[in-house]
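Chemist: One structure is given below, represented as C-alpha cells, and several questions about it will come after.
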Amino acid sequence: MLPSNLHSPAANLFLLPSTSCSPCNHGIWISRNQNRRNRRRTTMSVATEVVLPQAGNRLYLGMDFGTSGARFALIDKEGAVCAEGKREYPLFKNDETIDWARSWKTTLFSLLEDVPNHYRHLVASISIDGTSATTIIVDSNTGQPLSKPLLYNEACPDALPLVKSIAPVNHTVCSASSTLCKLVSWWNSADSNKEYATLLHQADWLLWFLHGKLGVSDYNNALKVGYDPETESYPPWLLAQPYSMLLPHVKAPGTSIGYLKEDIRSQYGFPNDCIACTGTTDSIAAFLAARATLPGQAVTSLGSTLAIKLLSTNRIDDARFGVYSHRLDNMWLVGGASNTGGAVLRQIFTDERLEQLSKQINPMKSSPLDYYPLTSIGERFPEADPQMAPRLHPRPENDVEYLHGILESIARIEGKAYRLLKDLGATQVEEVFTAGGGSKNEKWTKIRERVLGLPVSRASQTEAAYGAALMALKGAQPSKIAGEILCFLYNTGFSSHSA
C-alpha cells in the first residue's frame, strides 16, 4: 500500500464537481521513466514546456476507444456535457484480417470532425482512453505499425515461460495476454529492424497523431508491460532485458504532453493553446466517470466485456487469477477484466430483441441455467484460463428463459470476481456502480443486485469518454492551481454524488 502522503495526480479527479443532468445550451448527440539506450535516431523530448490554457469559458474533450467502437464527450469546467457522439469502427480488411490500426485512426479523425464547429475554438485539452493491453509496435521514426496490433484479449502463450522466468512470481505480466508477453513474442519472431521500434498502447498511438511526440504513455496503460506505479519506474529485472529499449516514457494519467500539432489545429479549428494529455485505460476512465470515491465502492463496466474496478486500501496483484491493481492517490483500483459480457449477447440477439426479451424477465426469480458466456475460447478473470471454452447450452425453447440464464450467469461471474478480490485481501465491496451499455438494462441490474447481495445502481455518468474528458480537464490545470481548486471543491461539499 502507498503511504498516505504519496498522492497520485489522477486521483484528484475524484474531487471534481458532479455533472449537471442537463447539457449545455447547445448540447447535441452525434450518431519509461528511463533513459533510452543510445540509438541512431531522434527521439521525442518529454520535457517540453507547455503554457497551459487560461481558465475561463473553455471545454475539455475526451475520447474513448472501446472494443467495438469509439465515443467522444465534451465537457465544461463544471463537468456538464456540452456535446457527445459515437462511431462504429469501419472494418477495413487486410489479407482477410481486420486492419485495426487503420480502423482506429480513421475513427479518431471522424470523431474530431464530429465535434461541433462552434465548440472547437474553446477546446483547451484532449485526452484518450483505450483498451488495456492492446499493443502496437511501431517504427520509431514514422510511427507506422511494424505488425498488426495485438488486441487486449489476444494471448501469446509462446512468450509466457520467458516472462515468468524474469518476473516476480504471480506478477501482473505473468499472463499470456499481458503487454509484456506480446512484446516478448514480437521480439522473438519479428524480422524487422528492432533498433528502430517503439512499443505503444492503443491510447498512446492515437494521442501521438495529435501531439506528434512518439514514445509517451501513462502508468495505467503501462502497468501490464511491467511498469511499477508505486515506485514510478520500470523495475530492474525489466530494464535488464534487450527489448527494454522499446519501452515508452511514462507519465501520470492526465498529464500535459504538449500542444496539438499545427496541422491538426488548422484542419479542425482547435485553438493554438490546445494541449494533448496522457490518457488511461477504458475501464479506469469508466471508473472515474462513475465517481466512486470511497474504499469498498466499485464500478462494473458492462460493455463488450465485463471489467471490474474496486477501490481498495490494499494493493493486490495475482496473475493466477488475472487480478491487478492500478494506483489511484493513496489507494488502489483492484480488479480485472473478464471476456464475458455484451459481445456474447450480440452474437445471439439483436439490440431490439434484447430489449423485448428483457422486459419479460422476472429478475427476482433465480435462473436454473448455468452458463459461462464467452465469444470464443479463453478467459482472463476471475479465472485465467486460455483454454476455457464457452458454455451456452442447453438452450431452452423459450428465449426469455435463455436470456435470463445468460444474464444471471454473467452476474454470477461478477459475484465470483468480487469474492475473489476479498479472499486475496482487497477491501470488501459494499456498493457497485454500473457503467457501459449493460447499465441501461434495469432487469439485469435487479438480477445482479440479487446475485451480488449488494446495492447496485447505474452510475450518473456511464461512458468512459466522460472519464477521458475529466483527464483532459485535469491536464489543462496548472498543478498548483488545480490542487487548490480541487481542495476547495472538496471542502465546500462538492462530492462525487452531489447534484
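The values are calculated or read from the model by the stated rules, or taken from the named source; none is laboratory data. In this text the structure is predicted, and so the values were computed from the model without any measurement. Note that each Cβ is placed from the backbone with ideal geometry, even for glycine, and that neighbours are counted across all protein chains shown. When the accessible area is computed, the model is the full protein with side chains, heavy atoms only, and any ligands, DNA or RNA have been set aside. Shrake-Rupley method; radii C 1.70, N 1.55, O 1.52, S 1.80 Å.
Chemist: Suppose we filter ARG412, ARG448 for residues that are buried (at least 23 other Cβ atoms within 10 Å of the Cβ), more than 30 Å from ALA252 (Cβ to Cβ) and basic (Lys, Arg); which single one remains? So that I can check it myself, show each step before the final result.
Modeler: Details: ARG412 fails: buried (at least 23 other Cβ atoms within 10 Å of the Cβ).
After applying the criteria, what remains is ARG448.
Chemist: For region 225-255, which positions are surrounded by 24 or more Cβ atoms within 10 Å (Cβ to Cβ) and modelled with pLDDT under 95?
Modeler: Once the filter is applied, which keeps residues that are surrounded by 24 or more Cβ atoms within 10 Å (Cβ to Cβ) and modelled with pLDDT under 95, region 225-255 yields PRO253, GLY254.
Chemist: Sticking with this structure for a sec: Which one is least open to solvent (accessible area, probe 1.4 Å) among residues in region 289-329 that are under 29 Å from LEU61 (Cβ atoms), assigned to a loop (DSSP other than H, G, I, E, B) and not aliphatic (A, V, I, L, M)?
Modeler: Among those residues, the one meeting the criterion is ARG291.
Chemist: Quick one: ALA286 ticks every box in (1) open to solvent by less than 10 Å² (accessible area, probe 1.4 Å); (2) under 26 Å from ALA389 (Cα atoms) bar one, so which box is it?
Modeler: (2)
Chemist: Let me ask another. Just one of (1) modelled with pLDDT of 95 or more; (2) farther than 20 Å from LYS261 by Cβ; (3) surrounded by 14 or more Cβ atoms within 10 Å (Cβ to Cβ) trips up LEU111, so point out which.
Modeler: It is condition (2) that LEU111 fails.
Chemist: All but one of (1) of a type in the set (S, T, N, Q); (2) open to solvent by 10 Å² or more (accessible area, probe 1.4 Å); (3) farther than 20 Å from GLY226 by Cβ hold for THR172; which doesn't?
Modeler: Of (1) of a type in the set (S, T, N, Q); (2) open to solvent by 10 Å² or more (accessible area, probe 1.4 Å); (3) farther than 20 Å from GLY226 by Cβ, only one is false for THR172: (3).
Chemist: Which ones in region 82-100 are in contact with a helix residue (DSSP H, G or I) (Cβ under 8 Å, 6 or more places away or on another chain) and surrounded by 16 or more Cβ atoms within 10 Å (Cβ to Cβ)?
Modeler: Matches in region 82-100: CYS82, ALA83, GLU84, GLY85, ARG87, TYR89.
Chemist: Taking region 409-452, which residues are in contact with a Pro (Cβ under 6 Å, 6 or more places away or on another chain) and not in a helix (DSSP H, G or I)?
Modeler: Correct list: THR427, GLU431.
Chemist: Now for a different question. Any idea how many residues of region 453-475 are among the charged types (D, E, K, R) and not in a loop (DSSP other than H, G, I, E, B)? If you could, list the steps in order and put the result at the bottom.
Modeler: Step one: filter region 453-475 for residues among the charged types (D, E, K, R), giving 458, 463, 474.
If we keep only those that are not in a loop (DSSP other than H, G, I, E, B) too, we end up with 458, 474.
Of the residues in region 453-475, 2 are among the charged types (D, E, K, R) and not in a loop (DSSP other than H, G, I, E, B).
Chemist: Here's another thing I want to ask about it. Give me a count of the residues in region 188-205 that are open to solvent by less than 40 Å² (accessible area, probe 1.4 Å), part of a helix (DSSP H, G or I) and more than 14 Å from GLN144 (Cβ to Cβ). Quick ask: steps written out before the conclusion?
Modeler: Taking region 188-205 as the starting set, the residues that turn out to be open to solvent by less than 40 Å² (accessible area, probe 1.4 Å) are 190, 197-205.
Now narrow it down to the ones that are part of a helix (DSSP H, G or I): 202-205.
From what is left, the residues that are more than 14 Å from GLN144 (Cβ to Cβ) are 202-204.
Selection size over region 188-205: 3.
Chemist: Specify which of the listed residues (TYR89, TYR119) is hydroxyl-bearing (Ser, Thr, Tyr), modelled with pLDDT of 95 or more and farther than 25 Å from SER185 by Cβ.
Modeler: TYR119
Chemist: Has region 426-445 got at least one residue that is over 14 Å from ALA298 (Cα atoms), surrounded by fewer than 17 Cβ atoms within 10 Å (Cβ to Cβ) and at pLDDT 90 or above?
Modeler: For region 426-445, residues over 14 Å from ALA298 (Cα atoms), surrounded by fewer than 17 Cβ atoms within 10 Å (Cβ to Cβ) and at pLDDT 90 or above: present.
Chemist: How many of the residues making up region 224-246 are farther than 19 Å from GLY475 by Cβ and in contact with a strand residue (DSSP E or B) (Cβ under 6 Å, 6 or more places away or on another chain)? Break it down stepwise before answering.
Modeler: Residues of region 224-246 that are farther than 19 Å from GLY475 by Cβ, as a first pass: 224-228, 230-231, 233-246.
Filter once more, so that each one left must be in contact with a strand residue (DSSP E or B) (Cβ under 6 Å, 6 or more places away or on another chain): 227, 235, 246.
Qualifying residue count for the region: 3.
Chemist: Check whether at least one residue in region 261-269 is surrounded by fewer than 24 Cβ atoms within 10 Å (Cβ to Cβ), at pLDDT 90 or above and part of a loop (DSSP other than H, G, I, E, B), and report yes or no. Step through it out loud before you land on a result.
Modeler: Taking region 261-269 first, the residues surrounded by fewer than 24 Cβ atoms within 10 Å (Cβ to Cβ) are 261-269.
When the remaining residues are screened for being at pLDDT 90 or above, the result is 261-269.
Filter once more, keeping what is part of a loop (DSSP other than H, G, I, E, B): 261, 269.
Yes: region 261-269 contains one or more residues that are surrounded by fewer than 24 Cβ atoms within 10 Å (Cβ to Cβ), at pLDDT 90 or above and part of a loop (DSSP other than H, G, I, E, B).
Chemist: Here is a list of conditions, (1) surrounded by fewer than 19 Cβ atoms within 10 Å (Cβ to Cβ); (2) assigned to a strand (DSSP E or B); (3) of a type outside the set (D, E, K, R), and GLN356 meets all of them except one; can you say which number that is?
Modeler: (2)
Chemist: Anything in region 107-163 that is part of a helix (DSSP H, G or I) and over 30 Å from GLY322 (Cβ atoms)? List them, or say none. Working first, answer last.
Modeler: Quick first cut of region 107-163, residues part of a helix (DSSP H, G or I) only: 107-114, 117-120, 160-163.
Answer for region 107-163, where residues must be part of a helix (DSSP H, G or I) and over 30 Å from GLY322 (Cβ atoms): PHE109, SER110, LEU111, LEU112, GLU113, ASP114, ASN117, HIS118, TYR119, ARG120.
Chemist: Could you check how many residues of region 384-403 are touching a Phe, Trp or Tyr at 6+ places or on another chain (Cβ under 7 Å), modelled with pLDDT under 95 and open to solvent by 50 Å² or more (accessible area, probe 1.4 Å)?
Modeler: The total comes to 0.
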